[in-house]
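Asker: Just passing along the structure, written as structure tokens.
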């Protein structure tokens, strides 16, 4: 059995990664590795589906036990991908999407040089701000922090194999599906 493909999707908060990955996952029946975080759940998010919501103590204990493939502290919270979420699926020949921040993406790239690195961004910085505000889930302080961090994250675009500019959800889904299917054909 051949090993599965690993797709790393990164980009600034508000670029549409979650929405697009969720839709593509349904269309292609591909696994999205569920990340762990210490941030509080947003309305409608479910532990184990959207994230593994951990306390800081739980996260740091897993970190100490070397259970993470990658991790970072972003927007004052820890985020990370458990090794078990990825390695077991790849070994079974399943494709896996990691939807993670750029810091984590670069950590994965160092460990999995053949990972397919995909960077998402909005057409303009103004649109990014509109999308963050449109969520109506974050305080003004959090929005400003996310905007500041997104400018830094944009600098890492060159570290990725492909960039998808999210003009529309439909077009971006189509682009991501085409990338995944082309890698499947190479298997």
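FYI, it's all coordinate maths here, none of it is from the lab. Because the structure is a prediction, the values reported are computed rather than measured. All Cβ positions, glycine included, derive from the backbone under ideal geometry; neighbour counts span all protein chains shown.
Asker: For region 119-138, which residues satisfy the criterion of being touching a residue at least 12 places away in the same chain (Cβ under 8 Å) and either in a helix (DSSP H, G or I) or at positive phi (or both)?
Answerer: Result: 125, 128, 129, 131, 132, 135.
Asker: Answer yes or no: is there a residue in region 142-158 that is within 17 Å of the chain's Cα centre (by Cα), under 18 Å from residue 40 (Cα atoms) and surrounded by 13 or more Cβ atoms within 10 Å (Cβ to Cβ).
Answerer: yes
Asker: Can you name the condition, by its number, that residue 86 falls short on among (1) without any contact (Cβ under 8 Å) to a residue 40 or more places away in the chain; (2) touching a helix residue (DSSP H, G or I) at 6+ places or on another chain (Cβ under 9 Å); (3) in a helix (DSSP H, G or I); (4) over 18 Å from residue 17 (Cα atoms)?
Answerer: Here residue 86 clears every test but (1).
Asker: Could you go through region 166-173 and let me know if any residue there is within 30 Å of residue 3 (Cβ to Cβ), assigned to a helix (DSSP H, G or I) and in contact with a strand residue (DSSP E or B) (Cβ under 7 Å, 6 or more places away or on another chain).
Answerer: Taking every residue of region 166-173 in turn, at least one turns out to be within 30 Å of residue 3 (Cβ to Cβ), assigned to a helix (DSSP H, G or I) and in contact with a strand residue (DSSP E or B) (Cβ under 7 Å, 6 or more places away or on another chain).
Asker: Within region 102-116, does at least one residue satisfy the condition of being crowded, with 19+ Cβ neighbours inside 10 Å, farther than 22 Å from residue 66 by Cα and either over 15 Å from the mean Cα position of the chain (by Cα) or free of Cβ contacts under 8 Å to residues at least 12 places away in the same chain (or both)?
Answerer: no
Asker: Can you say whether residue 44 is assigned to a loop (DSSP other than H, G, I, E, B) and touching a residue at least 12 places away in the same chain (Cβ under 8 Å), as far as the supplied structure shows?
Answerer: Criteria not met by residue 44.
Asker: Within region 47-69, count every residue that is under 25 Å from residue 177 (Cβ atoms) and not in a strand (DSSP E or B).
Answerer: Residues in region 47-69 being under 25 Å from residue 177 (Cβ atoms) and not in a strand (DSSP E or B): 2 in total.
Asker: Exactly one condition in (1) in contact (Cβ under 8 Å) with a residue 40 or more places away in the chain; (2) over 22 Å from residue 4 (Cβ atoms); (3) touching a helix residue (DSSP H, G or I) at 6+ places or on another chain (Cβ under 6 Å); (4) outside any helix (DSSP H, G or I) is false for residue 72; which is it?
Answerer: (1)
Asker: Turning to a different aspect of this structure: Would you check which residues across region 1-26 are surrounded by 13 or more Cβ atoms within 10 Å (Cβ to Cβ), out of contact with any strand residue (DSSP E or B) (no Cβ under 9 Å at 6 or more places or on another chain) and not in a loop (DSSP other than H, G, I, E, B) and list them?
Answerer: Scanning region 1-26 gives 19, 23.
Asker: Let me ask you something else. What number of residues in region 63-81 are over 14 Å from residue 38 (Cβ atoms), out of contact with any strand residue (DSSP E or B) (no Cβ under 6 Å at 6 or more places or on another chain) and buried (at least 17 other Cβ atoms within 10 Å of the Cβ)?
Answerer: 0
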